[in-house]
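One structure coming up, written as structure tokens, with questions to follow.
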Amino acid sequence: GNRPQILQTPPPSNMISFPTIKNVLDYTALFNRRRRLLFEMGASRIKAALVSIHPDERIIEGALEHEFPVNERGERLREDGALAAAVKSLADKLDPLHRAQTGLVIAGDDVFTATTPKPQQPKKDWRDAIVWQFAESSLFPLEEAEILWMPIRETALETDRILVSAISNEKLEKVTQLFKEAGRELEIIVPDSIAINCLMQKYQKPLPPAA
């Protein structure tokens with residue numbers, strides 16, 4: 001099946017071109033009115049929300065969550081098939097006709113996040129520059145990951161930095177398979193750092209220039 005898409009909001013000039021994952025930009029919402037069924041998975045619970053897309057706003061039409069039993073450390077107890085069954089149950093309640101685009105906000109050790117000045121190299125070489133710069137910082141090999149970035153909103157103190165986010169290919173394969181077992185095609189993946197930064201850029205005003 002198709003690999004999921006990574007949701008990205010900056011204009012194309014700020015994006016890395018992926019050979020296997022197509023980026024979905026905000027302006028596609030002008031033509032794509034499909035609802036989005038978005039999931040977030042924590043240590044002990046899964047949250048799901050059905051979101052309708054409008055030109056100037058997103059409306060949450062419904063939201064549910066499923067909580068798992070946990071051990072004394074707060075970690076989810078492992079049960080074969082329980083995760084896929086929970087995803088299917090939430091999805092079928094919120095989107096019984098399978099009309100929504102299914103997405104996942106992803107976090108954890110399989111997502112690497114960092115901020116850095118924009119590389120000095122041409123944009124076509126930014127991926128290699130990022131892999132080299134953070135080779136010893138990531139918990140997984142960045143050579144085996146999908147990497148994307150977006151500019152950080154300009155302030156009086158920062159004017160030339162980017163937010164880098166990477167997802168391991170192994171994690172992409174696992175979550176894609178999980179949603180297949182739940183009877184859903186995972187079409188969109190949003191790293192949590194990108195989602196948070198998008199909200200900040202939308203609602204936060206830049207700092208005034210220093211006196």
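Just wondering, is there one or more residues in region 135-156 that are assigned to a strand (DSSP E or B), among the hydroxyl-bearing types (Ser, Thr, Tyr), out of contact with any Ser or Thr (no Cβ under 6 Å at 6 or more places or on another chain) and buried (at least 17 other Cβ atoms within 10 Å of the Cβ)?
No; the residues of region 135-156 include none that is assigned to a strand (DSSP E or B), among the hydroxyl-bearing types (Ser, Thr, Tyr), out of contact with any Ser or Thr (no Cβ under 6 Å at 6 or more places or on another chain) and buried (at least 17 other Cβ atoms within 10 Å of the Cβ).
Related question: Which one of these is at pLDDT below 95, open to solvent by 80 Å² or more (accessible area, probe 1.4 Å) and more than 23 Å from residue 174 (Cα to Cα): 78, 58?
From the options 78, 58, the qualifying one is 58.
Now, a different point. Keeping to region 113-142, report how many residues are in contact (Cβ under 8 Å) with a residue 40 or more places away in the chain and in contact with a Pro (Cβ under 9 Å, 6 or more places away or on another chain).
3
In region 39-55, which residues are over 18 Å from residue 107 (Cβ atoms) and either outside any loop (DSSP other than H, G, I, E, B) or hydrophobic (A, V, I, L, M, F, W, C) (or both)?
The answer is 50, 51, 52, 53, 54.
Given the criterion within 25 Å of residue 169 (Cβ to Cβ) and buried (at least 17 other Cβ atoms within 10 Å of the Cβ), identify the matching residue among 49, 86, 43, 100.
86
The values are calculated or read from the model by the stated rules, or taken from the named source; none is laboratory data. Predicted, not measured: the structure shown is a model, and the values here were computed from it. Note: ideal-geometry Cβ built from the backbone for every residue, glycine included; neighbour counts use all protein chains shown. Ligands, DNA and RNA are excluded from the accessible area calculation, which covers all protein heavy atoms including side chains. Shrake-Rupley method; radii C 1.70, N 1.55, O 1.52, S 1.80 Å.
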